[in-house]
């Protein structure tokens with residue numbers, strides 16, 4: 001198992017008004033670290049697009065919060081490729097303070113995206129070419145999850161031009177922002193009690209579309225659901241455990 005550790009510093013853009021890391025903040029820690037690691041092993045998005053016309057696409061993301069991260073804290077983030085099963089890759093992360101004390105565990109499930117066909121790449125030769133060494137799982141995590149059947153409407157909003165990234169769809173950071181914005185005041189005010197955050201990216205949102213946001217709350221679990229306004233197909237699901 002090949003582990004690599006990177007330095008990371010929390011800045012104010014990653015914190016809410018209560019001084020707590022936002023969902024988007026956790027995303028930035030993991031995505032920034034992943035990009036550094038993929039660059040190191042010559043599997044960055046730019047390299048894959050140039051050589052194969054494919055890109056990494058994030059399917060889901062989970063963080064397990066052990067201790068609160070402090071404002072302006074200097075972190076050590078260790079990451080490794082965990083396994084590949086078919087077209088799905090798992091990567092784990094251990095986020096520690098400067099003394100090496102674990103604060104957060106995280107994992108991502110990703111796949112390869114055929115940019116021209118706008119779907120998951122199914123070329124077996126491409127996956128076999130990567131041949132990444134595997135490692136241990138830090139905790140149990142899911143790559144997919146069903147949205148709740150009962151939920152209350154929160155808002156409908158059009159996709160904005162600045163939401164779109166270089167792959168032509170809404171960047172996954174936006175889903176973290178939408179989830180936080182559609183919490184109730186009570187859960188935003190108690191963001192320091194968040195224990196686990198799960199994000200599932202289930203369908204592309206693109207410019208010209210609108211997204212309907214709904215919410216379900218039960219037993220210290222808040223679920224934020226995003227659906228395409230046109231046909232109610234799933235776009236994302238965010239689950240927050242308090």
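The simple spin-label model puts a point 7 Å past each Cα toward its Cβ; for residue 119 and residue 188 those points are separated by 4.0 nm. Helix-only arithmetic for the chain: the sum of -39500 (n - 2.57) across DSSP H runs with n ≥ 4, divided by the residue total, places the mean residue ellipticity at 222 nm at -5500 deg cm²/dmol. Hydrodynamic analysis of region 152-241 uses the Kirkwood radius over alpha carbon pairs. Inserted into Stokes-Einstein at 25 °C and 0.890 mPa s, it gives a translational diffusion coefficient of 183 µm²/s.
Calculate the FRET efficiency for residue 160 and residue 181 from the Cβ-Cβ distance with a Förster distance of 22 Å, rounded to the nearest 0.05.
Values: r = 13 Å, r/R0 = 0.60.
E(calc), rounded to 0.05, equals 0.95.
Length gained on full extension, residue 128 to residue 145: 3.4 nm, using 0.36 nm per residue less the C-alpha separation.
Taking every C-alpha pair closer than 8 Å and separated by at least 6 residues, the mean separation divided by the residue count of region 4-130 gives a relative contact order of 26 percent. Once the C-beta distance of residue 16 and residue 209 is scaled by a Förster radius of 35 Å, the resulting FRET efficiency is 0.80 to the nearest 0.05.
For residue 232 and residue 67, a Förster radius of 45 Å and the Cβ-Cβ distance give a FRET efficiency of 0.70, rounded to the nearest 0.05. Projected label points at residue 221 and residue 83, each 7 Å from Cα along the beta carbon direction, are separated by 2.3 nanometres. Specify whether the C-alpha gyration tensor of region 1-48 places it in the rounded, prolate or oblate class, a ≥ b ≥ c being the square roots of the eigenvalues: rounded for a/c under 1.5, otherwise prolate if a/b is larger than b/c and oblate if not. Judged from the Cα gyration tensor, region 1-48 comes out prolate (a/c at least 1.5, a/b above b/c). Of the candidates 208, 226, 134, which one comes out as most mobile in a Gaussian network treatment of the chain with C-alpha springs shorter than 10 Å? Greatest mean-square fluctuation among the candidates belongs to 208.
Working from label points 7 Å from Cα in the Cα-to-Cβ sense, the residue 153 to residue 136 distance is 5.0 nm. Within the listed set 204, 98, 227, the residue fluctuating most in the Gaussian network model of the chain (springs between alpha-carbon atoms under 10 angstrom) is 98.
Computed from the coordinates by the stated procedures, all read-outs in this text should not be read as laboratory data. Computed from a prediction, not measured in an experiment: that's the story for all the values here. Here the Cβ is made from the backbone with ideal geometry for all residues, glycine too, and neighbour counts use every protein chain on show.
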